[in-house]
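Encoded as structure tokens, the structure appears first; notes follow it.
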Amino acid sequence: MSLSPVYSALDRSLRWLNAASIFLSSCALVVLVAIFGWLVFGRYVLNATPTWVEQLALLLVVYITFLGSASGVYEGTHLGVTFLRDGLLPEPLRRIAVLIADAAVAGFGLVMLLNCLVLFEFGWPTKLPMLNIPESFRTLPAILCGGMMFLFAGARVIGAVVGFLPGQPTASGEN
């Protein structure tokens, strides 16, 4: 049995998840700009500052940051110091370094996911001021980011062990 259809389905799923993450981050950014426009209009034209804007803006920034970070892991554009690895290591050691880095990111994502689930449960009874929604909505993007980091980097680790996934970027951004 060929594993190629499995890898193709996994690759399509990960691409879709990444696209959804970028889309949601983009929508949150548009809403952020719009509500700050409303804040300025309300403050200087109506002389009535909408108090909920700052709390919603803080919440949106958290979503934009975490969803964007998860996409950075998928696309291989996350923060990394690669000049030593890419400039000094021969190809076999470079592949091992990439595998170790991806495994570390996947492990970090899993730890982030599990610990943020605890925070999510802990914060549910507390309400965010001015928005009157559970505090856990601030933790939700960290859960999503941790889960996506685990999936994205974990798929690269599995792909590196059995053969790189088609179209999946490596930690160095190569296809």
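The values are calculated or read from the model by the stated rules, or taken from the named source; none is laboratory data. On a predicted model such as this, the values are computed, not experimentally measured, just so you know. Reconstructed Cβ throughout: ideal geometry from the backbone, glycine too, with neighbour counts over all protein chains shown. We work out accessible area using only protein heavy atoms, side chains counted, and drop any ligands, DNA or RNA first. Shrake-Rupley method; radii C 1.70, N 1.55, O 1.52, S 1.80 Å.
Descriptive notes on the structure:
- Check on residue 70, in a helix (DSSP H, G or I), over 30 Å from residue 13 (Cβ atoms) and at pLDDT 90 or above: no
- Considering (1) open to solvent by less than 90 Å² (accessible area, probe 1.4 Å); (2) assigned to a helix (DSSP H, G or I); (3) of a type outside the set (Asp, Glu), the lone condition that residue 100 does not fulfil carries the number (1).
- Residues within the stretch 40-61 that are assigned to a helix (DSSP H, G or I) and surrounded by fewer than 18 Cβ atoms within 10 Å (Cβ to Cβ), tallied: 11
- If you filter the stretch 117-163 down to residues that are more than 20 Å from the chain's Cα centre (by Cα), more than 24 Å from residue 24 (Cα to Cα) and surrounded by fewer than 17 Cβ atoms within 10 Å (Cβ to Cβ), you find that the one that is modelled with the lowest pLDDT is 163.
- Restricted to the stretch 62-88, and to residues there that are among the aliphatic types (A, V, I, L, M) and touching a Ser or Thr at 6+ places or on another chain (Cβ under 6 Å), the residue that is surrounded by the fewest Cβ atoms within 10 Å (Cβ to Cβ) is 64.
- Checking the stretch 22-32 against the condition returns a match, with at least one residue being assigned to a helix (DSSP H, G or I), surrounded by 18 or more Cβ atoms within 10 Å (Cβ to Cβ) and in contact (Cβ under 8 Å) with a residue 40 or more places away in the chain.
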